[in-house]
Amino acid sequence: MTSFAPPRERSPLAGAATALALAGLVGAGLWAARRPQPRPQPGSALPVETARQPAARRARQGGMLLAASAAIDGATEHYRGGFHRWEMYLGPAASIGALAASAMQAAMPRPLREGLLLTAAGVGLAGHAFHARNILDRPGGVCWSNLFYAAPIGAPGSVALAGLAGLAATMLERREPEMPHRRGRWIAIGTVAGLLGTTAEVALLHFRGAYHNPAMYIPVTLPPIAALTLGAAAARPSPTRLRLAHRMLGATAMMGLVGTAFHAWGVHRNMGGWRNWQQNLLVAPPLPAPPGFTGVALVGLAAIDLLEASE
Amino acid sequence: MISQGSEIRAKDGRAPDVFSRDGWVAMRQYREAEEVDVAVIGTGAGGGVVAAKLAEAGLSVVAFDAGAFYRPLADFASDEREQDKLYWTDDRISGGDDAIEMGSNNSGRAIGGSTVHFQMVALRFRPEWFQARSRLGYGRDWPVDWREMWRCYDEVEDALKIAGPVTYPWGPKRGRYPYRQHELNASAQVLARGAEAMGVDWSPCPISTVSAPRGKSPPCVYRGFCKIGCSTNAKQSILNTYIPRALAAGAEVRDLAMVGRIETGSDGRATGVHYHRDGEWRFQKARRVVVAGYSIETPRLLLNSSSPSHPQGLANAEGLVGTELMVHSNHAVWGVMEDEIRWYKGPPSMAVCEHWNYDDDKDFHGGYAFMSQGPLPTDFATSMVKNLGVFGMELRRRMALYNHMAGLKIVGEVMPTPANRVELSEETDALGLPLPRITFRFGENDRKLSDHALRFMRTMHEAAGARDIFETAGSAHLMGGCRMGFSAADGVVDGAGRAFSCPNLWIADGSVMPTGGGVNPSITIMANATRIAGHMIGAIARGEG
Ligand SMILES: Cc1cc2nc3c(=O)[nH]c(=O)nc-3n(C[C@H](O)[C@H](O)[C@H](O)COP(=O)(O)OP(=O)(O)OC[C@H]3O[C@@H](n4cnc5c(N)ncnc54)[C@H](O)[C@@H]3O)c2cc1C
Ligand code: SF4
């Protein structure tokens, strides 16, 4: 007999790790969603001014999450593709740049930050074109096979969103006479677009997975609802609408984190499970992808802060 | 250690858990003296489905198979020679002008039958083929309504969670496949490029391996060992779908149990089966018998079950048992591509072209589908030795190109011909059972079809950029031998699978197919078995079975 122990179908370790990850993520989610600032007190600074800073922080956090998600996901996927074209380094590199720009708010000169963030936005948009070309170059062109398995058409969007979220944060950091309401609206529009775009990508990939687990429907229903409520709140803000949008965005943010736990479970359902992580992290549902939703939702919460303040 | 495949595992109230490396599931057992509702012979595409459906309907079922009960995770090696254990390699006498090669290309022997090592291609019949004679002018009509088959295809495709294209270019509209298509490997892309260059449709092939997790099956890992038994359980075979269902519903499965004779009473009705297990002949009483041993073993068993009430063999009053045996022509065109293809990656046939199944503007009857290929090295080397006669340095030179090869291979419809048949020979096997004697010859239409296919595929290969193109000939699959018919003079069994000359005997495997169609047969066999089981259950409920 040899001592080689091949991977088992179900490992208790994987179950425990997944449960732990889930608990940790829910905890982190609760922490992230807690109200960062006390409500403005009468007599303190202008409510608008009070809202600006937490909004900037939230947008920055959202940008960081988006950038980290895009960097790790992009690097993993492009590693899987063997980085066989030099352009494949650009997406992950630009995401890391955006991450640094958002994370080192104080340490980095503003022009450099804005340059990095603009670059990410541009690289993300160019990425769509590259991925489109990859799809069109394959036999069948625009067909399900290629939409499922060629370079994913929606993925570079997260790099662009990371850049745009960071830029929104830098804009909010500045004291400017412009109406917070206007800014809130712009950020809300961006968030709605980001949520819908991300949902479209998830819908495609979960369709590829035949929605084999009913939980796979959550990220294609909750974010559009959140987008809808945010859109409504931005169009005609009212306390009820803002509260509703706030809740839905909070739920979307949470879902993004919990999504990673679901994807961890998905890793375990591939041949060899977590023991075979070197292979399964590449082929199973991507762990870093779901928090992208959290990132977008955080930016949306920044918009809510601004809209609330100008109410 | 007892070598895998020679050890009886389904006994003592338990059967192997096919999703584990060494686990068990509970299994109900029946005494031999107890007259069970149904004895099923063969647990492949036909028998496995029938056993599960009948047990789920509440009948007591014992299913026999000459093959072993494997646990894929532990028993299947990534080694072509080791996995020969999955094939039916007993002696058979094969003759005729185009003697059929028997074994790895057409017969399995295991719980799960040939589906344990099949290549998972899951194509439906063209609806018109069920009335080939009256609508297309060749072969035979099936005593079956194609719409009923269509519903059964739906059921089977869902039971196997077939991973297929979102839209299928040929045939009537159908529901969406339960799982999505797989990623095309490079070999499939060669077919796709060629088809696009020639302006004909192509499609990702619907196949029976999951593209996302399903229960305890992980998604396919694309290592490409499907034809020698999938060691991950991603492949949805009878072994890991219908057999667990049958066991859960209370059926007993007897592995390594070779049925040698079906006993009949003086009234002509079947009374039970004689089978060889654990070194001795035994007898199981049964109220009804379903035979599903495939196109060689089913006729062989019936012919060997003659009795005073069935002097020419069971269900053979009209002398039809064993006649009109069919294969699929399996000719292929191979070429060398500039780019590395590594065609062994992934299931072997990931893209399909059914153009000539649905286009009737051709100079022959019937049709053919062709698929991209990915033979394992020994398989490919063997086919070059056989077809091209190359050996030594020349074989080595050609095998060095293995990673740059691409191939297109047909599943070509062969016309039913009475002279192509299975009979019993004088020689006997180790158990004393007469060996089957198989006679086969391709007809003129069959040759026209394969010539057409070779020309078409050569052009397509050239259009896809292949060089050093060469052809091989061959056959695959078995169909017919105990066909369904409209009357006793027309077939061995009726449209519900019941023998015309033995009222409690059914046949539910590939042998009942009156025509072969131009697609791989197993999903049709399963759908038909689903249909037959449904009719059986109805008849039994009405007290007519
Ligand atoms: C290499 C290969 C690849 C294939 N690829 C495809 C494919 O891609 N797509 C497709 O549709 N089809 C494919 N096929 C064909 C398909 O597997 C068969 O057509 C189908 O399984 C036949 O079903 P069946 O029930 O008639 O017989 P089987 O599935 O062969 O089952 C018959 C069973 O009966 C048992 N048996 C026989 N006689 C006795 C007896 N006397 N006592 C006890 N047990 C007995 C045998 O051991 C066997 O297990 C392939 C076949 C082979 C060999
Ligand atoms: S390629 Fe897929 S179906 Fe084939 S043996 Fe490997 S895992 Fe099984």
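The values are calculated or read from the model by the stated rules, or taken from the named source; none is laboratory data. The structure presented is a predicted model; accordingly, all values stated were derived computationally and were not measured. With ideal geometry, Cβ positions are generated from the backbone for all residues, glycine too; neighbour counts draw on all protein chains shown. Keep in mind that these areas ignore ligands, DNA and RNA; they rest on the heavy atoms of the full protein, side chains included. Shrake-Rupley method; radii C 1.70, N 1.55, O 1.52, S 1.80 Å.
Report the far tail of the P(r) of the protein assembly as shown, meaning the percent of Cα-Cα pairs longer than 45 Å.
36
Can you list the residues, at least 5 places off or on another chain, whose amide H is less than 5 Å from the amide H of residue B:100, using H built in the peptide plane?
Distant-sequence amide H within range of residue B:100: B:95, B:440.
Kindly express, to the nearest 10 degrees and within the range 0 to 90, the angle between helix B:45-56's C-alpha long axis and the longest C-alpha principal axis of chain B.
The helix B:45-56 is inclined about 50 degrees to chain B.
Would you kindly work out the equivalent ellipsoid of region B:429-478 from its C-alpha gyration tensor and give its semi-axes, the square roots of five times the eigenvalues, largest first in whole Å?
Listed largest to smallest, the semi-axes of region B:429-478 are 36, 15, 7 Å.
Counting every Cα pair in chain B, what percent are over 29 Å apart?
Within chain B, distances greater than 29 Å cover 49 percent of Cα pairs.
Which whole-angstrom value gives the distance between the alpha carbon centres of region B:409-464 and region B:285-358?
10
Antiparallel versus total DSSP beta bridges in chain B: what percent is that, nearest 5?
Counting only bridges with both partners in chain B, antiparallel ones make up about 70 percent.
How tilted is helix B:186-198 with respect to the longest principal axis of chain B? Cα atoms for both, answer in degrees (0 to 90, nearest 10).
It is inclined by approximately 70 degrees.
Please work out the C-alpha center-to-center distance from region B:72-135 to region A:56-89 and express it in whole Å.
Rounded to whole Å, the Cα centres lie 47 Å apart.
Take the Cα coordinates of region A:162-284, assign each an equal point scatterer, and use the Debye formula without solvent to give log10 I(q)/I(0) at q = 0.15 Å⁻¹.
-0.80
Tally the DSSP beta bridges in the protein assembly as shown and give the antiparallel ones as a percent, rounded to 5.
Of those bridges, close to 70 percent are antiparallel.
Please express the shape of region A:43-309 as an equivalent ellipsoid: the semi-axes are the square roots of 5 times the eigenvalues of the C-alpha gyration tensor, given largest first in whole angstrom.
In descending order the semi-axes read 32, 21, 16 Å.
Loop-only check: which chymotrypsin sites (Phe, Trp or Tyr not before Pro) in region A:111-155 are DSSP coil with at most 14 other Cβ within 10 angstrom?
Passing sites in region A:111-155 do not exist.
Leaving ligands and nucleic acids out of the surface, order B:168, B:177 by accessible area at 1.4 Å, largest first.
B:168, B:177
Note the direction-averaged projected area, equal to a quarter of the hull surface, for the Cα convex hull of region B:127-193, in nm².
Directional mean of the projected Cα hull area for region B:127-193 stands at 6.2 nm².
May I ask you to rank B:227, B:285 by accessible area, largest first, using a 1.4 Å probe over the protein chains only?
From most exposed to least exposed: B:285, B:227.
Please report, to one decimal in angstroms, the Kirkwood hydrodynamic radius of region B:384-431 built from all distinct Cα-Cα pairs.
About 15.6 Å for region B:384-431.
Assuming R0 = 30 Å, can you tell me the calculated FRET efficiency for the pair residue A:204 and residue B:154, based on Cβ-Cβ distance, to the nearest 0.05?
0.75
Rank by packing, highest mean first: peptides B:480-488, B:448-456, with packing defined as the count of other Cβ atoms within 10 Å averaged across residues.
Sorting B:480-488, B:448-456 by mean packing, highest first, produces B:480-488, B:448-456.
What does the structure give for B:209-219 when I average, per residue, the other chain Cβ atoms found within 10 Å of the residue Cβ?
Average neighbour count from other chains, rounded to a whole number: 6.
On a 0 to 90° scale, report how tilted helix B:146-159 is relative to the longest principal axis of chain B, with both axes built from alpha carbons and the result rounded to the nearest 10.
90
Considering only the other residues whose Cβ falls under 9 Å of the Cβ of residue B:270, what net charge follows from Lys and Arg at +1 and Asp and Glu at -1?
That works out to +2.
Hey, if we sort B:166, B:25, B:333 by accessible area with the 1.4 Å probe, largest down, what's the order?
B:25, B:166, B:333
Roughly how crowded by other chains is peptide B:181-188, in terms of the mean Cβ count from those chains within 10 Å of each of its Cβ atoms?
The shielding value for this peptide is 3.
List the residues whose amide H sits under 5 Å from the amide H of residue B:435, counting only those 5 or more places along or on another chain, with H placed 1.01 Å from N in the peptide plane.
When sequence neighbours closer than 5 places are left aside, the close amide H contacts are B:425, B:427, B:428, B:429.
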